[in-house]
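The values are calculated or read from the model by the stated rules, or taken from the named source; none is laboratory data. Everything numeric in this text was worked out from a predicted model, so none of it was measured. Using ideal geometry, Cβ is built from the backbone for each residue, glycine included, and neighbour counts are taken over all protein chains shown. Just so you know, the surface numbers come from the protein's heavy atoms only, side chains and all, with ligands and any DNA or RNA stripped out. Shrake-Rupley method; radii C 1.70, N 1.55, O 1.52, S 1.80 Å.
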Amino acid sequence: MASEEVARDVLQRTFVKGGRYWQAVAVLAVVFLLGVVGFILKLGDERAQWGYFAATFSYLFTVAQTAPVVSVALRLAKNHWRRPLARASELFAVVGLFNLLFFIPLLILLPSIEGRNTIWILGVWPSRFYTPHIFDTLALVGLVVLGLLFLWTAAVPDFAAAREQRGGRGRYAFLALGWQGTARQWRIQRALLGLLGGLYFMDVLTTHFLISSDFSMALVPGWVDSIYPTFHALTGLQAAVAVTIVTMFLLRTVGGYREYLPMESFWGLSKILLAMSLMWFYFWWSAFITFWYGRLPVEQNIIQLIMFGPYRPFFIIGFLFCCIFAVGLLIWNPLRKSPAAMAAIAAMILVGGFFDRMRLYVASWSLADTTEHELTKVPAAIWPQVPDLLVIAGGLAGAVLVYMLATRVVPVMSIWEMKELRLYQVPRQLVRRRMLSLGKPE
Amino acid sequence: MANQAVLGLYRTPEAAADAVGNLQQAGIGHNDYEIMTGVPYPEGTFGEPPVRHKLYVFPFMGAMIGLTLAILEGAGTQLAYPLVTGGKPILSVPPIIIISYELTLLGAIVFTVIGIIFESRLPRPALGVYDTRITEGLIGVVCTCPEERVEEVRGLLQRAAAIEVKVGQG
């Protein structure tokens, strides 16, 4: 497809959505509203009952707010097969705005650090009791702002293209901010993508550290694990790759972007997903073995609480789906080369990831007293009630809904990057085989 | 006398490069012309000099300011509440590392945003001399010059096989 056709085709698909799209939006909106009902029903519950809500928040953060890292990392590595998937992963930044809604009730419910062992020290007023509240909010809001800036920077040339197609007026004129495509603007845009991407990568790791420490580990007296925040971030990266693959597959099959999303993009991501799945075991094992060999009563109680005790079914599902089955399937090259198989494996990892978050967050939030010196008794499991199920369904549906609505405004395929690839790519014949030669400008 | 902007539109990068060459030969400074494309061509494709910018200074400055604030806040807290914890010194680095990292990062982010405003020269309320076909693949070479040189510049741009030349306010 020629460059001009790419722009016309992608913009047309952005402006005009079919009946199936609107049906999906309607269904998601209804499920989201049911989630709101579930949330209202939960108001007044004790803190221990909010574990599934916290798990949903953490899952959305893990999946959606980590997803732009896929684009950031591959862009910094300057590879070309990432071009068709770049925008699909960057667009998850908008879900961060939605997730802030989940963050507010959790901030209210998060107990003061007084009398607890946390990563913070008691400071002076106003941060004396609310240190994590202030700094966690700064980190999360910073991440959302950074994600949106990164998305805008990556999409501004496409907004300008949309502006021209829409007669130079409307929301695209506003979003393009007078972009003309001068050499200086392109240079600044490239520098900004590198800078904002690097900052996003740094901030997403910090936020994983803060969320995992303050919203789960520090709620369990005596749980001191320096590997846990790293495990949290690593599983976030795994989920980010998985959700990008699932999104690509849906865009390819349902969204009509088959021609733009070649097998190579799935194949490239599959190898990263395999590495992440292997590392899942490494990080989990490193944390587990320390507690298991330590055998202090508190250590035994903690591995009971988050792995082998009341939430064992969640742990087993998470462990099998994110690690054992994932590695067992991803080692096969024919599966890695099949977009459908990759989407199925990635979907399995996403399901496993949700169970993993539930066993961590529901367990952490289930403790009534967070100021004990150490965990002496493992409480019974808290199973989800109807409002919890509504909140989970509504939260996930809301995130997908926000993403889908964003695709109405932001082209889901990076038009300028696809056109740029055509500048560097030349078909040529090598003896009897036809192949593509790729120029490297740097 | 007010400056005018002259825009030449080209179908091929070669023609646009010829137009840039013509402008350079006529002694027009590289700050007085711009190349507009719908795709980011590698620097120097049209024979233009590299674009200089100071964007990298902004996050660095922001990071330094953020780090300074974090150290002041952390150390200030330690000195204001001199509680000995675990036999460690009152004033020590490890307890303020998290805040230092976070505020350094936030400072860098805030200043990067300021940098975008300064360096990208966006938003532009009016597009000036521009052609919407640039986003569809045409290449524009726009030259800002005094009114008395407009005809000369128009000729230089036309000579490089421009498909159209437009003149407007610079």
Ranking B:Ala160, B:Ala63, B:Thr12 by how far each Cα lies towards the positive end of the charge dipole of chain B (+1 on Lys and Arg Cβ, -1 on Asp and Glu Cβ), the top one is B:Ala63
So, R0 is 25 Å and r is the distance between the beta-carbons of A:Leu100 and A:Leu389; what FRET efficiency does that work out to, to 0.05? 0.65
Report, please, the projected area of the range B:57-119 averaged over directions, based on the convex hull of its C-alpha atoms, in nm². 4.1 nm²
Points 7 angstrom from Cα along the Cβ direction at A:Trp332 and B:Val93: gap in nanometres? 5.2 nm
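Quantify, in whole percent, the carbon and sulfur part of the accessible surface of the range A:355-421 (1.4 Å probe; protein heavy atoms only).
69 percent
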Is there a quick way to get the dipole size of the protein assembly as shown? I mean about its Cα centre, with the Cβ of Lys and Arg at +1 and of Asp and Glu at -1; what is the value in debye to the nearest 20? 1540 debye
Quick one: length gained pulling A:Ala48 to A:Ala275 fully straight, 0.36 nm per residue minus the C-alpha distance? 78.2 nm
Using alpha carbons only, how many degrees (0 to 90, rounded to 10) separate the axis of helix A:339-365 from the longest principal axis of chain A? 30 degrees
Hey, what angle do you get for helix A:263-294 against the long axis of chain A, alpha-carbon based, 0 to 90 degrees rounded to 10? 10 degrees
The farthest towards the positive end of the charge dipole of the range A:15-409, of the residues A:Gln300, A:Pro111, A:Leu91, given +1 on Cβ of Lys and Arg and -1 on Cβ of Asp and Glu, is A:Leu91
Quick one: among A:Gln238, A:Gln385, A:Gln65, which has the greatest mean-square fluctuation in a GNM of chain A with alpha-carbon springs under 10 angstrom? A:Gln385
Under 18 Å from A:Lys42, Cα to Cα: aspartates and glutamates that are on another chain or at least 8 residues apart: A:Asp388
Build a GNM of chain A with springs between Cα atoms under 10 Å: which of A:Ile211, A:Ile227, A:Ile302 gets the top mean-square fluctuation? A:Ile227
I'd like the orientation of helix B:13-25 relative to chain B: the angle between its Cα long axis and the longest Cα principal axis, in ° from 0 to 90, rounded to 10. 90 degrees
From zero outward in steps of 5 Å, how is the percent of C-alpha pairs of chain B spread across the bins? 1, 8, 13, 14, 12, 9, 7, 6, 6, 5, 5, 5, 4, 3, 2, 1, 0
Compute a Gaussian network model of chain A, connecting alpha carbons closer than 10 Å, and tell me which residue from A:Pro379, A:Pro310, A:Pro427 fluctuates the most. A:Pro427
Put a dot 7 Å past each Cα toward the Cβ at A:Ala29 and A:Lys78; how far apart are the dots in nm? 4.6 nm
Please work out the Cα center distance from the range A:405-435 to the range A:236-266, rounded to the nearest Å. 15 Å
Solvent-accessible area per residue for the range B:57-119 at a 1.4 Å probe radius, Å²? 55 Å²
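For B:Ala26 and A:Leu438, FRET efficiency with R0 = 56 Å and r from the beta-carbon atoms, rounded to 0.05?
0.90
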Once the whole set of protein chains is in place, how much accessible area is left on B:Met61, using a 1.4 Å probe, in Å² to the nearest 10? 80 Å²
Please compute, for peptide A:42-48, the average count of beta-carbon atoms on other protein chains lying within 10 Å of each residue's beta-carbon. 0
Stretch gain in nm, segment A:Glu264-A:Arg171, where the contour uses 0.36 nm per residue and the Cα spacing is subtracted: 30.0 nm
I'd like the mean, over residues of B:123-135, of how many other protein chain beta carbons sit within 10 Å of each residue's own Cβ. 5
Pop the C-beta distance of A:Val254 and A:Ile134 into the FRET formula with R0 = 41 Å and round what comes out to the nearest 0.05. 0.45
When the charge dipole of the protein assembly as shown is computed with +1 at the Cβ of Lys and Arg and -1 at the Cβ of Asp and Glu, the Cα pointing farthest to the positive end, of B:Ala2, B:Leu91, A:Tyr59, is that of A:Tyr59
Beyond 40 Å, what percent of the Cα pairs of the protein assembly as shown remain? 35 percent
Most to least accessible of A:Val141, A:Val95 (protein chains only, probe 1.4 Å): A:Val141, A:Val95
Quick one: ranking A:Lys42, A:Lys17 by accessible area, 1.4 Å probe, largest first, what do you get? A:Lys17, A:Lys42
Over 29 Å between Cα atoms, which of A:Lys440/B:Lys54; A:Lys377/B:Lys88; A:Lys17/A:Lys271; A:Lys271/A:Lys440; A:Lys337/A:Lys440; A:Lys78/A:Lys337 qualify? A:Lys377/B:Lys88; A:Lys17/A:Lys271
Under the Debye formula (equal points on every Cα, no solvent term), log10 I(q)/I(0) of the range A:1-55 at q = 0.21, 0.25 Å⁻¹: -0.83, -0.96
